[in-house]
Every structure is written in structure tokens, then in C-alpha cells.
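We did not get these values from a lab; they are worked out from the coordinates using the rules stated. Model, not experiment: these values are computed from the prediction. Note: ideal-geometry Cβ built from the backbone for every residue, glycine included; neighbour counts use all protein chains shown.
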């Protein structure tokens, strides 16, 4: 599947890439080009197949595809997994910009530094139980550690 | 030693070249086959592939043979692209001919221009209904549509036998197991429209189907969903494709097209319903679909090539006295070589020196 088709995959409705079921290939190509440009996807062209991209580049493309559609809610799992440092920073920035613009963004990640950077509120999943979300700015490392250990940080005696 | 190496992007050049290569390989292997039968191979290939193109009659017969093949293959290709394998087009072809034919015979001897369109609709519905059996069983119980659709071919064949020796038997036909002749019933016949060209209504429908299929597959969201499901069913579900709807739609389209092909065949070239009516178009169309790369234009060309082997094969039986089975072997080899050289469009061959230990 080419990058254009990949962009069409989830962008069809929100980006209005079809009219009465008939596809607007020109618009789809424009959308794919915008993703490649804004998220610095390294590829010879949008007609290349998605599987020919490296893992990090594909990740940038997929995350970019969703962010550029300006969704109201975005749930993203490991958004910077396998992506180089510079690109990871730009993905995080894009997520924060999206949230700034009023969208609800749920970021699931194993990268604590990343979460501390992007999140307003943080919750930890431990043994299938999600802790109460806390304001990230109020948390310190010890409290996060306790949350990870299964202890509700609020229960911790000061 | 050589190795196959996966291409990052499948080669557009090889995708177009492999069918041609397969035809050439079939000609060469066929040459050996005919040589083994004690015939002159060059002569045999010429009789099969060249002679039919040189005579006006056989040239017109090419469209007659190609029309049902292409019509059925177009429908099949949509399902095949989505990974839904309708192998029973032969059964849908037969059921279309029976149900459309039965509607026509029910009105005998009323004349009217409305009759043939009504019969065509009934034929499409008959094929559609027959294809819905594997579709619904697959959706509801997860049965394998390959087996169910294939098995239903034999049910349809026997149903045809029952109909032509029972309800649809020609009352003035001296008890022969065959229906009235549609060719003698003007309103229900599908005549040659332009003398000497072989063009009948089915051929016109075939051209329309090629164009519509091209638009659906390349310009419509349905085609996109079909392609997507074929390449990655998981991704398709994430993108909001309902696989059950796709199963019903692709099997339905191929069944309806096969049914109409059957109706136009029985009212035109075949002339009447008999137990000899099914000649395997539904099965040969599978080869046509693959030879044409599941692409509407490719299928059109592949249908013409396949029609050529039918007509040339008949000529070879006549002129060279080769057995009828030889031509079936020939068509089978075509699919075999096609699938073999197909590897080249997704892999490249790399020579590697044997490593010394």
C-alpha cells in the first residue's frame, strides 16, 4: 500500500477525501505530502509503499497522519517508539500543540521522561489497576515510584 | 546458486510483463507437449494462436467466447482482491441461466421488448442468490467459501439436469431433456446484433462491466476497501471496513455477473438449456482473472487470449487431431506458469557465490 493510500486509510472522513464514495486522489496525495513535509518523513515520494519505510519514519508518518487531522480525541500508544531524538521531540511538540488547541490527548508510554514532558495529568497502570490521575506538576519522582509500586500516592503519609 | 530477495516495492514492470512471459512459456511447453504427441509443434502453436485471428468467422467467435469469461472474471476479481475466493462461478452461471431462462419460458409465447431485460434481471438474481449461500454461511458460521461455492457447482449441475427433464422440458421436444429453443422465441433470444462481429447483448454488458469495474476499483471507496482488505484485513477493520459487508458485496457482485453471463449464453450462443450447457466458463474465468492481474483492463485482454485458446484448440482438434484434453492441459499450464513467473514481481533473483567452508 502506498503512502497516499495509507493516508486515505484513516483520513477519508475527516479530511473529506471522498465525495459520494468517489475518491479524491488529488486531495489524498496532498494530505500525504503534507504529512511527509510536516513530520519530516524520509521517503523518495508518496507513491512508495509504506512497508519500504524504516520503522521510525513509518512511526512519524502514522502519528502525523492522525495529528494533522486535528481530532478532538486522540489516544496514542508509544508515539515515539523507535524514532530518533529530533523527530521524537517534534512528535511530542505536535501532541502538545494538539492538546493546546483543545483536543483530549491520551498518551500511553513506557518512557517516563516523555510522559513528564507532555502530560498535564498522569496515571499509572499497575497489575491491571489504573491509579487516580494526578497533576503532573505536583508529582515528584518518589510519588511516581510509589504509584508504580501499586500505592496510591494520595495515601502516602507525608 | 541463486536466491530470491524480497523487493521493497513490487515491480510495476514485472507485474505487466509476467502474463506475457507466462503465455510464451505456455507456448514453448505446449510445443513440447504436441511434439510428444507426434505433432509438429510449430504448426500446432500456429493453429491455436494465429489461425483464429486470420479468419472472419473465428474472429467473431472470439468475442462470443470471451464475453462470458470476462464478465465472470470481472466479478471474481473483486472478491479475489479482497481475499474472498468464489470458486463456484460455474454454479452461479448455471443458476442464472436456469432462473432467467425459466422466466422467459413462463411467458412463452408472449412477445415484447420487455422480456429479455426481465430475464436478464432474473438471471442476475439467480446467480446472486446462489452466491449468497456461501456468503451467508461464511458470515454467520465462518464456513470456508472456497469449499461451499465449489460444492454448489455440482448441486447446480444436478438441478439443471432435473429442470430440463422436468418442469423446463420442451413439451414439443419428443421427451429429450432440453428446454424450448430461445433462438426460436424472438423476444427471449439474444441474437447477434451486428452481422459477422459476434457482438450480442452479453458482449455489450461485458464492455460496460469492464468500465464500471475500472471506476469502482480505482476511483471508489468500495474498491479501496476491497484492496485494503486483501492486503491487510486487520488494518481494514481499523479503518472502519465491515468484513461481513464486503463478503456479501463481492460474492453478490460476482454471482450476479456470472448469472447474467449464463442468461446471455443460454439465450444466445447456446440456444437452449440442456445438460451440456455448462462448458466450464466459470472455472476458466478464474484463470482469466489471474492472467489479467485482477485488473479490469488486464482481464479484458486475458479473456481474449483465453478465448483464442478455446477456438484455436477446437481448430487443433479438427486440423491436427489432437485430443480435446490437450487444450485443457494448455489452459492449466497457462495458470501454472503465470503463478510461477509471478514470483518475479515481488522478488528479485540474485546470484550468490557458494560460500566455501
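Summary table
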{"quantity": "Residue-averaged 222 nm ellipticity for chain A, from DSSP H runs of 4+ at -39500 (n - 2.57), nearest 500", "calculated": "-13000 deg cm²/dmol"}
{"quantity": "Average beta-carbon neighbours from other chains, 10 Å sphere, peptide B:214-224", "calculated": "4"}
{"quantity": "Neighbour-count order for B:220, B:174, B:200, fewest beta carbons within 10 angstrom listed first", "calculated": "B:174, B:220, B:200"}
{"quantity": "Peptide-level mean, for A:14-20, of C-beta atoms on other protein chains within 10 Å", "calculated": "1"}
{"quantity": "Estimated distance in nm for a label pair at residue B:279 and residue B:242, the labels positioned 7 Å out from Cα along Cα-to-Cβ", "calculated": "4.1 nm"}
{"quantity": "Protection proxy ranking, peptides B:6-16, B:331-341, B:124-134, average beta carbon neighbours within 10 Å, highest first", "calculated": "B:124-134, B:331-341, B:6-16"}
{"quantity": "Cα long-axis angle, helix B:281-291 against chain B (0 to 90 degrees, to the nearest 10)", "calculated": "30 degrees"}
{"quantity": "Cα-based helix-to-principal-axis angle, B:56-81 vs chain B, degrees rounded to 10", "calculated": "70 degrees"}
{"quantity": "Sorted by Cβ density within 10 Å, fewest first, the residues B:351, B:85", "calculated": "B:351, B:85"}
{"quantity": "Rounded tilt (10° steps) of B:324-346 against the dominant C-alpha axis of chain B", "calculated": "40 degrees"}
{"quantity": "Fewest-first sequence of B:154, B:108 by Cβ atoms within 10 Å of each Cβ", "calculated": "B:154, B:108"}
{"quantity": "Highest-first arrangement of B:50-60, B:71-81, where packing means the average Cβ count within 10 Å", "calculated": "B:71-81, B:50-60"}
{"quantity": "Estimated [θ] at 222 nm from DSSP helical runs (n ≥ 4, -39500 (n - 2.57)) normalised by residues in chain B, nearest 500", "calculated": "-23000 deg cm²/dmol"}
{"quantity": "Added length on full extension, which subtracts the Cα-Cα distance from 0.36 nm per residue, residue B:352 to residue B:174", "calculated": "56.9 nm"}
{"quantity": "Cα-based Rg / Dmax (Å) for the protein assembly as shown", "calculated": "29.9, 105"}
{"quantity": "Cβ crowding within 10 Å averaged over residues, with B:142-152, B:222-232, A:77-87 ranked highest first", "calculated": "B:222-232, B:142-152, A:77-87"}
{"quantity": "Cβ neighbours within 10 Å from other chains - mean over B:7-19", "calculated": "1"}
